[in-house]
């Protein structure tokens, strides 16, 4: 076959096409052979030093050293072990880069919305462009679409329905289980039984793992699979039972299976059993069955078009510096790939803490396309993860953050737990989890309590020996007591019980006095004290709980502070207690203010029971409603809506006071004009897409009617009905001339007439009647009167303002 390189416009396309053509003919360039030989030699020689095959010692990056053999990036930037250990002992934080998940093109929109907090957090792409809002973020999917393979997910779990007919049977569960087994053979399943009303059979519905553990056959979960299962049942021994099988759906992964099985349990009141006859009576048992027993049988596959990456730093890290470090890390590691990232700062995170937002430490989320425009894919291997941490630490140091790459074998740290091994139970502060199984719970507790865990492979044991030697060297040659103490604590961690009989006791003793633990406790203390910055929203019980947390943090820091830092700690503790005392006085002042306000309202004829508790409770309820609205609609939406809604409520209260005779000297008609103006503003905002305004309109009749009128007007405008617009202008002119002919005053009377027109027309609409004057001369339809009044109200308001200015001039 003749090959034309001129068909490709870019140089890299020509080189890649030529190389692939040569390989298809069995040829291979010498440079490729040399590259693979060097790569293999590097892996063989770099076992211990690089953690069992790191690219750090080979000098070749797998991602960059692709099939073209060019642009090989050196990965030897990892600092010496001694240098890293000394920095960690001096207070540097470990580099944290986590690969959270993969996703296909269909999940890209949801992942970007999560990272951007539904468009409220600024997102930056690989070109440095800052994106905000749903419209700009929606363009990301279109830009990346050519890189999305959009491979279908595997069909792991299917839902089924079976109609079984028989003459008589005493044990319906046993019969149902045998029927399902004949159709699905050795597959795992769960089912529920419902006797038929006519008494001649049962209906069975449930879930089944589509892949067979015996031969690997995977049912497709559609009509074709239904016919296959039906044929198998027909061929077997049916024992006088007739059954019709039908697979009704399918899904991917344990999340799908868990949700569907829990729904089945709820539907049948806990009367669900598995293939072994064990009962599944609640949601927890349903989740345990899918996650613990079915997971390994699924052999689930998902598309990996994009990956979700998380970079974290300790609490108190400078946000701007960390953002710059994350930007540099992504540019260095994923050059040539498309990505977006956003920084979540606890001070500016729009997501509520109880919903999983406002984490106590700054962190960044990145969505990275797995395949570059050149066709290279990102490798997600252990050596690649190590190199990511090296680069992240390097970029952090470039921006003034003390950070180092760490390896859990250097401290005998426990292995991390996966997201599928735990479920969150409390998101206040640091998220608390519980294990999805006993083994997962043990793994979670081991990581949270920082238990020791030793590696078992030969290469990892050799790496641990090397790390122990470096810690010993640092402990003996350290010029600072803090560094030496930290190094000794790490040596004790790395010593097994066989090497030292009392290693566990010595390690526990050293951990209590380690400088690292002391620094951690001081950071937690600083975070707790900072909580008091918003103390005006705290009630007395909340403040007392806050005070107890600060005292507990002081107690922990006191136990772990080294003798050399005792004086500094006492100064910090005194400042923290003084801070708490000041906040205690602030809470007392707020309570006194609430008492005074309650007394004033009581004297004005508005008694309020339980003045102090009632005021605090109302403030708490208001704050809770505000936070709930922000979490559902977004801060910008709530602020814009709240400003107008407050004005509407103020106008309504003023009208009520005047009509009740409690306040004199004000014109009710002018107040009603003002109310209608505010309602018009709110309706315009709601028609523009403000979801909070639309939610309030569902329970506010006046606002709902105004909103309907504004939306009708917008619809007319969008349809381009020139005739309707001409009629509207004619009506406005006729209305103005009519007012002049009647000689109506230019102030409140005209406003009152306008208000009466609006309300009478609204009442006619609510009764289903056609308003008067709906048809103009010639049969042309007139627009809704409420729509006509919105611009007229503004005109009348301007006239009222002019009249007031004229009156002021006359008085002067």
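Just a few scattered comments:
- Of all residues in the range 358-369 being touching a helix residue (DSSP H, G or I) at 6+ places or on another chain (Cβ under 8 Å) and in a loop (DSSP other than H, G, I, E, B), the one that is nearest to residue 97 (Cα to Cα): 362
- Complete set of residues in the range 705-729 that are more than 33 Å from the chain's Cα centre (by Cα) and either at positive phi or modelled with pLDDT of 85 or more (or both): 705, 706, 708, 709, 710, 720
- Test: residue in the range 281-303 that is crowded, with 16+ Cβ neighbours inside 10 Å, under 30 Å from residue 387 (Cβ atoms) and in contact with a strand residue (DSSP E or B) (Cβ under 6 Å, 6 or more places away or on another chain): no
- Conditions (1) crowded, with 16+ Cβ neighbours inside 10 Å; (2) assigned to a helix (DSSP H, G or I): number failed by residue 354: (1)
- Counting the residues of the range 105-156 that are in contact with a helix residue (DSSP H, G or I) (Cβ under 8 Å, 6 or more places away or on another chain), within 17 Å of residue 372 (Cα to Cα) and either free of Cβ contacts under 8 Å to residues at least 60 places away in the same chain or in a strand (DSSP E or B) (or both) gives 3.
- Residue list for the range 198-222, filter: closer than 20 Å to residue 260 by Cα and over 37 Å from the mean Cα position of the chain (by Cα): 203, 204
- Of all residues in the range 450-473, those that are in a loop (DSSP other than H, G, I, E, B) have Cβ atoms under 7 Å from Cβ atoms of residues that are surrounded by fewer than 16 Cβ atoms within 10 Å (Cβ to Cβ), 6 or more apart or on another chain, in 453/415; 454/496; 455/461.
- Condition broken by residue 266, with the remaining ones in (1) in a strand (DSSP E or B); (2) free of Cβ contacts under 8 Å to residues at least 40 places away in the same chain satisfied: (1)
- Scope the range 328-347; condition in a loop (DSSP other than H, G, I, E, B) and in contact (Cβ under 8 Å) with a residue 40 or more places away in the chain; matching residues: 334, 336, 337, 338
- Hits in the range 433-447 (condition: modelled with pLDDT of 85 or more and either farther than 19 Å from residue 289 by Cβ or part of a loop (DSSP other than H, G, I, E, B) (or both)): 433, 442, 443, 444, 445, 446, 447
- For the range 276-288, the criterion of a residue being part of a strand (DSSP E or B), touching a helix residue (DSSP H, G or I) at 6+ places or on another chain (Cβ under 9 Å) and not assigned by TED's automatic domain parsing to the domain that holds residue 393 is satisfied by at least one position.
- Flag if residue 198 is in a loop (DSSP other than H, G, I, E, B), closer than 30 Å to residue 102 by Cβ and free of Cβ contacts under 8 Å to residues at least 24 places away in the same chain: no
- If the condition is being within 27 Å of residue 438 (Cα to Cα) and in contact with a strand residue (DSSP E or B) (Cβ under 6 Å, 6 or more places away or on another chain), then the range 396-420 contributes only 412.
- Tallying residues that are part of a loop (DSSP other than H, G, I, E, B) and in contact (Cβ under 8 Å) with a residue 12 or more places away in the chain within the range 170-195 yields 4.
- Residue within the range 89-100 that is over 30 Å from residue 483 (Cβ atoms) and surrounded by fewer than 19 Cβ atoms within 10 Å (Cβ to Cβ) present: yes
- For residue 225, the conditions (1) part of a helix (DSSP H, G or I); (2) at pLDDT 90 or above; (3) closer than 28 Å to residue 423 by Cβ all hold with the exception of (3).
- Residues considered: 257, 249. Of these, the only one that is at pLDDT 90 or above, part of a helix (DSSP H, G or I) and within 18 Å of residue 300 (Cβ to Cβ) is 257.
The values are calculated or read from the model by the stated rules, or taken from the named source; none is laboratory data. Small disclaimer: the values here were computed from a predicted structure and weren't measured. With ideal geometry, Cβ positions are generated from the backbone for all residues, glycine too; neighbour counts draw on all protein chains shown.
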